[in-house]
Amino acid sequence: MGNTLITQIYESIKKLLIYKPPKNPKPFVLDEIEKGRSDLAGPQPQEELNQAARELKTLIDYSRRLEELITKSISAFRSNDTAVIGRLPEEVEALKKVKDNTAPVLLSYDSAAEPLDRLVSPLLEENKALIDRLYNSDINKDILIRRFEIAGDQPVKAMLVFLDGMIDKQILDLGILQPLMLLDTGKTKPVGNELLTTISENCLPSNQTTPVSKFKDVADAINGGDTALFIEGVEQALTLSTKGYKQRGVERPQIEQSIRGSQAAFSEGLRTNTGLLRTMLPTNDLVTEILMIGDRVPQKCAVMYLKSVANPDLVAEVKRRLKGISTDYIVDLGMLEQFIEDHPGVIFPQMLSTERVDRAAVNIAEGRVALVYEGVPFVHIVPVTFFSFFHSVEDFSLKPPAGSFMRLLRIVGTLVAVILPSMYLGINYFHQEALPTELALAIAGAREKVPFPAVVEILMMEFSFELIREAGLRVPGLLGSSIGIVGAIILGQAAVAANLVSPIMVVIIAVTGLASFSIPDYRLAFALRITRFAFLLLSAMMGLVGLSFGLLVITVVMCSMKSFGMPYMTPVAPKTMAGYDTLIRGPVFRQEMRPDQLNAQDSRRQPAVSRKWTKEKPVGKKEEKE
């Protein structure tokens, strides 16, 4: 039958109506995990069989070692080998410790316990099985296990465990494997934990060797780039410092740039940052305490302070809050701040974040506490006040008049950045009589052809400026600054030419943007940028009365805040001894006391007369005759 038009129509309709299974497989859909499928539901039958098999294998290994010792003893007594016979008591004692750890009740208890809570076993195979379970060594190719024998008259089996890419291979080869495998003295080795002590003190040139008993400590060391050494018959493991992962070196500050002062900035390495602070504060009074933050992925956090200066209650409170964090993983100090700050719902920062080593060192010397986090090139300082965010490193390098002028300029710039658009909007809507007649007529003439009300006009310009600022930050390299400059010029000129905004509005937004750049702290500047939008809405509804109401609410909120127990607005509210380093930068030789609000152990920074040379006669000056 020919393929006529009717048959073609019939076949087409048939294809549409009759279902055919798709040729391609169904796409992947990420469904929820079924209940009872996770490991939290208890051990499955296969897991129970695996645990029984591991226990049986442990008992068989112990039986094999016992058989070898019996055979060795019979051979030594028959041949009257005094050297071997003299070592038999030590080997029997070591095997007795193995027997104590292979009791069926103890093996069942260890199998039921969490892997990280278990103790290091004297059996090497038991430790390897637990390492395989912890790190999924069958699929995880980062974990490496190096088996070897410690040389000598009595070779001892040993095992090194480390993560590839986290260690220095040269240290591992020349500082650990070579001394243990080749440079043996041939003397009779002790057994048990004494063997571990002998190896740590006499064989290994590593600068840090720490014996540990729990697998949690072993896992923390391995995850941090160290190597774990397990020895047959020893109930402890030895963690060796072999860190060698790549990290960024010390560079110039990128955000807090200054003409004067140190040019060193923090990097991502925790120990690099603590070393930089110790370089700036070379004293044995500087204490570094390291805490682990995070339940599933623990990260190191260093708490640094001067022991004889910082308030002990402050240090204890900081450590209490850090230890009281229960979460899987914290990647940044900004996340850590939200966990431990007093008022997480307030937008204003309650910790001072700095990338400059000298700025952190100055605050530590005053009695504050520094938080250094692994992988973060910033350091947080606690406690702080609102006025601390307007201080800059250059203030300490300039003369008092210049430093005071710069601080006052920053305060004025902050006020302009926060209230200038709102003040213009309130006067334009409700208080036209506050302007001179000529200025009011000039503004009205400039806005004659603009079709939008002033609030829409100012919001359009504000959002455009924020978009330009964000684009300049996100575009890499020199192109970012070019986009900011060109975008602002083109948008401003085009908006005025198209009668979308008035020229006076462009001037106000430009002055506001420039004033916001005078705020030294980025997080405070961001908080004030958001506050500016709230003030705009209040001014649009109630004029200058709404702006005053907004300022009053912000003042009340800030006066009620605390940063780790210290009032946020001190020394203004509550009133305390201000000193010469709050708003006005006084001479350094007049700053005799530390900030009063810190309640430091030693509140005096220097004696009343710090320039003692002014009380002495110049060298070589002849005494005047009486």
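The values are calculated or read from the model by the stated rules, or taken from the named source; none is laboratory data. Fair warning: this is a prediction, and the values are worked out from it, not measured in the lab. No Cβ is skipped: glycine too gets one built from the backbone with ideal geometry, and neighbour counts run over all protein chains shown. Only protein heavy atoms, including side chains, enter the accessible area calculation; ligands, DNA and RNA are left aside. Shrake-Rupley method; radii C 1.70, N 1.55, O 1.52, S 1.80 Å.
Within region 20-40, can you find the residues that are part of a loop (DSSP other than H, G, I, E, B), open to solvent by 100 Å² or more (accessible area, probe 1.4 Å) and either among the β-branched types (Val, Ile, Thr) or modelled with pLDDT under 70 (or both)? Steps first, answer last, please.
From region 20-40, those part of a loop (DSSP other than H, G, I, E, B) are 20-38; that's our starting set.
Going one step further and asking which of them are open to solvent by 100 Å² or more (accessible area, probe 1.4 Å), we end up with 20, 23-28, 30-35, 37.
Residues satisfying the conditions are Ile33, Glu34, Lys35, Arg37.
Determine if region 364-379 includes at least one residue that is touching a residue at least 12 places away in the same chain (Cβ under 8 Å), among the hydroxyl-bearing types (Ser, Thr, Tyr) and buried (at least 21 other Cβ atoms within 10 Å of the Cβ).
As a first pass, look at region 364-379 and keep what is touching a residue at least 12 places away in the same chain (Cβ under 8 Å): 364-379.
Cutting the leftovers down to among the hydroxyl-bearing types (Ser, Thr, Tyr) gives us 373.
Among the residues that remain, those that are also buried (at least 21 other Cβ atoms within 10 Å of the Cβ) are: 373.
Yes: one or more hits.
Among the numbered conditions (1) among the charged types (D, E, K, R); (2) part of a helix (DSSP H, G or I); (3) modelled with pLDDT under 90, tell me where Glu448 comes up short.
(2)
List the residue pairs whose Cβ atoms are under 8 Å apart, where the first residue sits in region 425-444 and is under 18 Å from Ala540 (Cβ atoms), the second is polar (S, T, N, Q), and the two are 6 or more positions apart or on different chains.
Close Cβ pairs (under 8 Å, with a partner that is polar (S, T, N, Q)) amount to Leu425/Ser539; Gly426/Ser539; Tyr429/Ser539; Ile443/Asn428; Ile443/Ser502.
Exactly one of these conditions fails for Arg356: (1) open to solvent by 30 Å² or more (accessible area, probe 1.4 Å); (2) at pLDDT below 95. Give me its number.
All conditions pass for Arg356, except number (1).
Can you pull out every residue in region 570-597 that is farther than 21 Å from Leu409 by Cβ and in a strand (DSSP E or B)?
Ala573, Met593
Against the definition (among the β-branched types (Val, Ile, Thr), out of contact with any helix residue (DSSP H, G or I) (no Cβ under 7 Å at 6 or more places or on another chain) and either outside any helix (DSSP H, G or I) or more than 24 Å from Gly492 (Cα to Cα) (or both)), how does Val412 come out, yes or no?
Here the answer is yes, as Val412 does meet what is asked.
Out of the residues in region 505-522 that are surrounded by 16 or more Cβ atoms within 10 Å (Cβ to Cβ) and of a type in the set (A, V, I, L, M), state the one that is nearest to Leu491 (Cα to Cα).
Val506
Open to solvent by less than 10 Å² (accessible area, probe 1.4 Å), aliphatic (A, V, I, L, M) and either part of a strand (DSSP E or B) or touching a Lys or Arg at 6+ places or on another chain (Cβ under 6 Å) (or both) - does that describe any residue in region 387-397?
no
Which residue out of Ala540, Ala525, Ala600 is in contact with a Gly (Cβ under 9 Å, 6 or more places away or on another chain) and either open to solvent by 90 Å² or more (accessible area, probe 1.4 Å) or in a helix (DSSP H, G or I) (or both)? Step through it out loud before you land on a result.
Details: Ala525 fails: in contact with a Gly (Cβ under 9 Å, 6 or more places away or on another chain); Ala600 fails: either open to solvent by 90 Å² or more (accessible area, probe 1.4 Å) or in a helix (DSSP H, G or I) (or both).
Unique residue meeting the criteria: Ala540.
Test Ala534 against the stated conditions and say whether it is open to solvent by less than 30 Å² (accessible area, probe 1.4 Å) and modelled with pLDDT of 85 or more.
no
Looking at this structure, is Arg248 among the charged types (D, E, K, R), in a loop (DSSP other than H, G, I, E, B) and touching a Pro at 6+ places or on another chain (Cβ under 9 Å)?
Here the answer is yes, as Arg248 does meet what is asked.
Do we find a residue being surrounded by 17 or more Cβ atoms within 10 Å (Cβ to Cβ), modelled with pLDDT under 90, in contact with a Gly (Cβ under 9 Å, 6 or more places away or on another chain) and assigned to a loop (DSSP other than H, G, I, E, B) anywhere in region 114-129?
yes
In this structure, is Ile150 more than 26 Å from Ile70 (Cα to Cα), β-branched (Val, Ile, Thr) and either modelled with pLDDT under 90 or surrounded by 14 or more Cβ atoms within 10 Å (Cβ to Cβ) (or both)?
Criteria not met by Ile150.
Would you mind stating whether Arg585 is open to solvent by less than 60 Å² (accessible area, probe 1.4 Å), closer than 24 Å to Ser397 by Cα and of a type in the set (D, E, K, R)?
Yes.
Out of Ala578, Ala600, I need the residue that is at pLDDT 90 or above and of a type in the set (A, V, I, L, M). Which one?
Ala600
Which numbered condition in (1) in contact (Cβ under 8 Å) with a residue 24 or more places away in the chain; (2) open to solvent by 50 Å² or more (accessible area, probe 1.4 Å) is the only one that Pro400 fails?
(2)
Somewhere in region 285-292, is a residue outside any strand (DSSP E or B) and either touching a residue at least 24 places away in the same chain (Cβ under 8 Å) or open to solvent by 40 Å² or more (accessible area, probe 1.4 Å) (or both)? Please lay out each step first, then the result.
In the first step, residues of region 285-292 are kept if they are outside any strand (DSSP E or B); the result is 285.
The next check asks that each one be either touching a residue at least 24 places away in the same chain (Cβ under 8 Å) or open to solvent by 40 Å² or more (accessible area, probe 1.4 Å) (or both); those that pass are 285.
Yes, because at least one residue in region 285-292 is outside any strand (DSSP E or B) and either touching a residue at least 24 places away in the same chain (Cβ under 8 Å) or open to solvent by 40 Å² or more (accessible area, probe 1.4 Å) (or both).
Quick one: which residue in Lys562, Lys617 is out of contact with any Cys (no Cβ under 6 Å at 6 or more places or on another chain), at pLDDT below 85 and open to solvent by 60 Å² or more (accessible area, probe 1.4 Å)?
Working: Lys562 fails: at pLDDT below 85.
One residue alone meets the criteria, Lys617.
Kindly indicate whether Pro344 is at pLDDT below 95 and either of a type in the set (Asp, Glu) or not in a loop (DSSP other than H, G, I, E, B) (or both).
no
State whether the residues of region 174-191 include one that is open to solvent by 50 Å² or more (accessible area, probe 1.4 Å), at pLDDT 90 or above and not in a loop (DSSP other than H, G, I, E, B).
No, every residue in region 174-191 fails to be open to solvent by 50 Å² or more (accessible area, probe 1.4 Å), at pLDDT 90 or above and not in a loop (DSSP other than H, G, I, E, B).
Which residue, of Leu500, Leu491, is aliphatic (A, V, I, L, M), assigned to a helix (DSSP H, G or I) and open to solvent by 50 Å² or more (accessible area, probe 1.4 Å)?
Exactly one residue qualifies, and that residue is Leu491.
Determine the pairs where a residue that is open to solvent by 100 Å² or more (accessible area, probe 1.4 Å), located within region 61-81, has a partner that is assigned to a helix (DSSP H, G or I) and at pLDDT below 70 with Cβ atoms under 8 Å apart, the partner being 6 or more residues away or on another chain.
Sorted first by the residue in region 61-81, then by its partner, the pairs are Phe77/Ile85.
For region 251-280, give me each residue that is crowded, with 19+ Cβ neighbours inside 10 Å, modelled with pLDDT of 90 or more and part of a loop (DSSP other than H, G, I, E, B).
Phe266
Does region 548-556 include one or more residues that are at pLDDT 90 or above, touching a Leu at 6+ places or on another chain (Cβ under 9 Å), of a type in the set (Gly, Ala, Ser) and closer than 27 Å to Phe405 by Cβ?
The answer is no, given that none of the residues of region 548-556 is at pLDDT 90 or above, touching a Leu at 6+ places or on another chain (Cβ under 9 Å), of a type in the set (Gly, Ala, Ser) and closer than 27 Å to Phe405 by Cβ.
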